[in-house]
Amino acid sequence: MSAAAAADGAMVTGAAGRWRRLLAVLAAIAALGVLAAACGPATSGAPAAGTAGNGGTTIRITTRKSVFDRRSLTAPAGTITIKVENRDKGIPHNIHVFKGTDASGTSVGMTPMSQGPDAQVLTMTLQAGTYFYQCDMHPTANGTLTVTP
Ligand SMILES: [Cu+2]
């Protein structure tokens, strides 16, 4: 074996070694990612009965003729996603959720005002209690969200 061949061999080995180390680092990062993903649901606890798994609860509501089609919503405490479909062409609506029984309570989530036809998604993490929702532009479009323990 010539010295040049040995040097080439060493270079190849060195490069391969670097690749192996890089792959090992990538594998470690991937393993951490899997661990983090595995830890996520475990630390958030078992989902309460009636929820759609770890994604929480999704509620659909429609705004039509400047009123909501549902004046009463119920969901278990935790992550609650409200999907609002605005079917009023050219009319701006949103959804704004307050703690308590009217719009004087603390705001806990809202979507921007947007002209229909449109669909909006509002995700909140709520504790058990009574909440009020309305369209800020048309406050007669409103209702009560009951969050159960
Ligand atoms: Cu409105």
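The values are calculated or read from the model by the stated rules, or taken from the named source; none is laboratory data. These numbers were taken from a predicted model, which means no experiment stands behind them. Here the Cβ is made from the backbone with ideal geometry for all residues, glycine too, and neighbour counts use every protein chain on show.
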Out of the range 135-146, which residues are under 21 Å from the mean Cα position of the chain (by Cα) and either within 16 Å of the ligand (Cβ to nearest atom) or more than 22 Å from Thr79 (Cβ to Cβ) (or both)? none
Check whether at least one residue in the range 104-111 is touching a residue at least 40 places away in the same chain (Cβ under 8 Å) and either in the same structural domain as Thr63 (by TED's automatic domain parsing) or within 20 Å of the chain's Cα centre (by Cα) (or both), and report yes or no. no
Scan the range 62-82 for residues that are within 16 Å of the ligand (Cβ to nearest atom) and of a type outside the set (Asp, Glu) and jot them down. Thr62, Thr63, Arg64, Lys65, Ser66, Val67, Phe68, Arg70, Arg71, Ile82
Filtering the range 94-149 down to residues that are assigned to a loop (DSSP other than H, G, I, E, B) and of a type in the set (S, T, N, Q), which residue is farthest from Lys65 (Cα to Cα)? Gln127
Just give me the residues in the range 111-131 being within 15 Å of the ligand (Cβ to nearest atom) and in contact with a Gly (Cβ under 6 Å, 6 or more places away or on another chain), in sequence order. Gln115, Leu122
